[in-house]
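A.B. asks: There's a structure below that I have some questions on.
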Amino acid sequence: MIRNHVLICGGTGCTSGKSRNIYERFNTLIAENNLTGEVQSVMTGCFGLCALGPVVVVYPEGAFYSQVKEADVDEIVSEHIIKGRIVKRLLYQETVKEGEDGVSSLSETSFYKKQMRLALRNCGVINPENIEEYIAYDGYAALAKALTEMTPQQVVDTLKASGLRGRGGAGFPTGNKWQFAKDVPGDTKYVCCNADEGDPGAFMDRSVLEGDPHAVLEAMAIAGYAIGSDQGYIYVRAEYPIAVARLEVAIKQAKEYGLLGDNIFGTGFNFDVEIRLGAGAFVCGEETALMTSIEGNRGEPRPRPPFPAVKGLFAKPTILNNVETYANVPQIILKGSEWFSAIGTEKSKGTKVFALGGKIQNTGLVEVPMGTTLRTIIEDIGGGIPNGKKFKSAQTGGPSGGCIPASLIDIAIDYESLLAIGSMMGSGGLIVMDEDSCMVDIAKFFLEFTVEESCGKCTPCRIGTKRLLELLEKVTNGSATLATLEEMERLCYYIKDNSLCGLGQTAPNPVLSTLKYFKDEYLAHVTEKRCPAGVCKKLISFKINEKCVGCTLCARKCPVSAINGKVKEKHMIDKEKCIKCGVCAENCKFKAIDRV
Amino acid sequence: MKSIEELKAIKAKVQAELNTRDAVGDADTRIVVGMATCGIAAGARPVLNAFLEEVKNRHLSGVKVTQTGCLGMCRLEPMVEVYVPGKDKVTYIKITPDAVKKIIAEHIVNGNVVSEYVIRNNN
């Protein structure tokens, strides 16, 4: 009989923190202490608090141990597991009860309190490589319900009534998409899953696949039943080895249990799923390019219409949904559309998962109801900006999205509100920037990304983004004029209006939104030849001020020997030699080096 | 998988095993077994396992079996504390696996404290 469950995070973040070694050490100690059968160790999916990984949770006490090292495992076993004494020094600080033995509930901590985990409900709860644990948490019950109690049209109607919209970025109503594909006549149809998560900093879909792969398989089978398809494809990038491995295990187990394959639940419904690995091209996240890639061709988009629902994969009717969208489907079928549509805002129902990154205390994975304010996500859940710096902007939607300025921090996040301010939901990357970030440089970063990832098929995107980047470089190196800014804006709209696919149509968004909300920073670069955040190297220089005591530290640290001066005398920087790396200013103990 | 009954059977079986993978909540009845060196030496481990076994066999939901360190009176181990929400804590002493069955049946299920194992002033 199991008395203690030890859950060890097996997400990518904690795995890079050597959580597998921790898992193995637990197994060794459990065996050595004859606790096999009493204590069970389990590798789970992501708990969300990646900043404090590797994470270990011991139940039933619910002790949440953070930043655990392999060497700490012995203490957890000998103290907590064997003697029932919780190891306080390893507890997540917020769950420590002062002067008491127990721990306070994790769901009451500020990181989890305002979250609502629907898509992530099983992440950090079940062993993703054990189908029976998924079944214990209502797994495959939705498929059973759909197959035995509902007609395909009722499934589609439930989806429509729930208000679920695509979580991959554009927010198209999922039920409508399924209806289109259902209504197109044809014997062969396909169900595809877009797991080609390409936005820099985004890892929501990876975490769902790593933590709860069966939810996606179950939802795809439900979709197959709804539209009349017996074949599914998951397109996942090869850079996600853990997600791919868990998916392979999940598909194998589902087939063994007869939950994929022929005659599921004896209803005569057949459904199979295959994995297709992507090589990591950003454009393959675009639906038509993704399908072209599955077909075995070079991943390039094609014009729409015809839409995939009519003529998609192998020219057959196809639906393509994102991982997170699918993760919501089984629960909607089980609990009903009213349950789901009661969560969120008027037009955006349910929750959204965000990958919180950048200048934020609690880097990690969070899931909140639609309509949660940016302030709640950043200040309450995210724990604010480290080192007492000021919040400047949040970037959503990756290279297709925009920057939200600090003045709009109280915006309630949903599809419409983000579009209205020139950003977009995107897949859910949320990068926080503080006062040390230069917004022109940020725009340049994202544009460099799209220039690199443009597939080259259409001219506005291939050449337009390159020219736009050159204009941005002019701004950051001080050779731009006011006319450059006007030209940039014109080019942005040209690229948006004329590109073939979503990549080009949204590529100028980071530039447009920073131009809109941080015009003053652009103007400082252009008219004063100054970078207010001190990031753009061409526009900054370093100067030694009167506080210099002549300690010689900066001269010794300078990698290009650009600093001269005698001991106990004020030093000088040779501007010809200086590469503006900033090492001198970082090391000076007297604040004697100014960045101007 | 040929039928929904099969799915339900797997669910019921695994759910019982995963009962302990849930943090203890305020509404739960807690059975806390002293598992320090003294407790273990006096036989606390079979007692803890017997509690888990009984809770599982009787499908008791909202009853959580956990462990704690030394309760301070090592000569009276194995000691067990039972917290029923809204009632005073009951401390049992010198518990054996047989006593566990009694405590579950009479105290946890029927709400009657098993007085023969309750700690007294003269212990």
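A.B. asks: Give me the lysines in straight-line cross-link reach of A:Lys88: C-alpha distance below 19 Å, same-chain residues under 8 apart excluded.
C.D. replies: A:Lys69, A:Lys97
A.B. asks: Over chain B, what is the percentage of antiparallel beta bridges among all DSSP beta bridges, to the nearest 5?
C.D. replies: Percentage antiparallel, nearest 5: 55.
A.B. asks: Further question: How would you classify the range A:439-527 from its alpha-carbon gyration tensor, with a ≥ b ≥ c the square roots of the eigenvalues: rounded for a/c under 1.5, else prolate if a/b is greater than b/c, otherwise oblate?
C.D. replies: prolate
A.B. asks: Could you give each residue of the range A:108-113 its phi-based ³J(HN,Hα) in whole Hz, using Karplus coefficients 6.51, -1.76, 1.60 with θ = phi - 60°, and x for Gly or Pro?
C.D. replies: Once rounded to whole Hz, the list reads 9, 6, 5, 5, 9, 3.
A.B. asks: Now for a different question. Express in whole angstrom the spacing between the alpha-carbon centres of the range B:38-81 and the range A:1-47.
C.D. replies: Between the Cα centre of the range B:38-81 and that of the range A:1-47, the gap is 23 Å.
A.B. asks: Please give the contour-minus-distance gain from A:Val567 to A:Asn27: 0.36 nm per residue of separation, less the Cα-Cα distance, rounded to one decimal in nm.
C.D. replies: So the chain would gain 188.5 nm between A:Val567 and A:Asn27.
A.B. asks: Then there's this: Taking just the C-alpha trace of chain B, give me its Rg and Dmax in Å.
C.D. replies: Both quantities, over Cα of chain B: 16.0, 63 Å.
A.B. asks: Now for a separate question. Which of A:Lys160/A:Lys252; A:Lys547/A:Lys577; A:Lys519/A:Lys570 have a Cα-Cα distance over 27 Å?
C.D. replies: Distance filter (> 27 Å) returns A:Lys160/A:Lys252; A:Lys519/A:Lys570.
A.B. asks: Calculate the dipole size of the protein assembly as shown relative to its Cα centre from +1 charges on Lys and Arg beta carbons and -1 charges on Asp and Glu beta carbons; express the result in debye to the nearest 20.
C.D. replies: In debye, rounded to 20, the protein assembly as shown gives about 1840.
A.B. asks: Right, something else. Calculate one ³J(HN,Hα) per residue across the range A:379-391 by plugging θ = phi - 60° into the Karplus curve 6.51 cos²θ - 1.76 cosθ + 1.60, and present them in order as whole Hz with x for glycine and proline.
C.D. replies: For the range A:379-391, the Karplus-derived couplings read 7, 7, 6, x, x, x, 8, x, 6, x, 7, 8, 5 Hz, x marking Gly and Pro.
A.B. asks: Something else now. Using θ = phi - 60° and the Karplus relation 6.51 cos²θ - 1.76 cosθ + 1.60, list the HN-Hα couplings for the range A:276-292 in order, rounded to whole Hz, with x at every Gly or Pro.
C.D. replies: These are the phi-based 3J(HN,Hα) values: 10, 8, x, 8, x, 6, 4, 5, 6, x, 6, 4, 6, 5, 4, 5, 4 Hz.
A.B. asks: Here is a follow-up. Where a ≥ b ≥ c are the square roots of the eigenvalues of the C-alpha gyration tensor, would you call the range A:270-364 rounded, which needs a/c under 1.5, or, failing that, prolate if a/b is larger than b/c, or oblate?
C.D. replies: oblate
A.B. asks: Using modelled amide H (1.01 Å from N, peptide plane; none on Pro or chain starts), what sits under 5 Å from the amide H of A:Thr373, excluding residues fewer than 5 places away?
C.D. replies: Counting only residues 5 or more places away or on other chains, the set is A:Ile413.
A.B. asks: Oh, and also: So for the range A:152-239, Kirkwood radius off the Cα pairs, Stokes-Einstein at 10 °C and 1.306 mPa s: how many µm² s⁻¹?
C.D. replies: It comes out at roughly 114 µm²/s.
A.B. asks: Cα gyration tensor of the protein assembly as shown, axes a ≥ b ≥ c as square roots of the eigenvalues: rounded (a/c below 1.5), prolate (a/b > b/c) or oblate?
C.D. replies: It comes out oblate by the Cα gyration axes.
A.B. asks: Got a sec? How would A:Asp205, A:Asp72 order by Cβ neighbour count within 10 Å, fewest to most?
C.D. replies: A:Asp72, A:Asp205
A.B. asks: Enter the angle in degrees (range 0 to 90, nearest 10) between the Cα long axis of helix B:44-57 and the first principal axis of the Cα atoms of chain B, meaning the one along which they spread out most.
C.D. replies: 40
A.B. asks: I'd like the distance separating the alpha-carbon centroids of the range A:180-222 and the range A:75-114, in whole Å.
C.D. replies: Taking the Cα centre of the range A:75-114 as reference, the centre of the range A:180-222 is 37 Å away.
A.B. asks: Next question, about the same structure. What's the angle, to the nearest 10 degrees (0 to 90), between helix A:439-453's Cα axis and the longest principal axis of chain A?
C.D. replies: That helix lies at roughly 50 degrees to the long axis.
A.B. asks: Now for a separate question. So which lysines can A:Lys516 reach, going by Cα to Cα under 23 Å and dropping same-chain residues fewer than 8 places off?
C.D. replies: A:Lys359, A:Lys390, A:Lys392, A:Lys444, A:Lys466, A:Lys474, A:Lys496, A:Lys529
A.B. asks: Whole Å is fine, so just give me how far the alpha carbon centre of the range A:379-411 lies from that of the range A:422-497.
C.D. replies: 19
Any read-out appearing in this document is the output of simple, stated calculations on the displayed coordinates, not a laboratory observation. Bear in mind the structure is a predicted one, so any value in this text is a computation, not a measurement. Neighbour counts run over all protein chains shown; Cβ positions are idealised from the backbone, glycine included.
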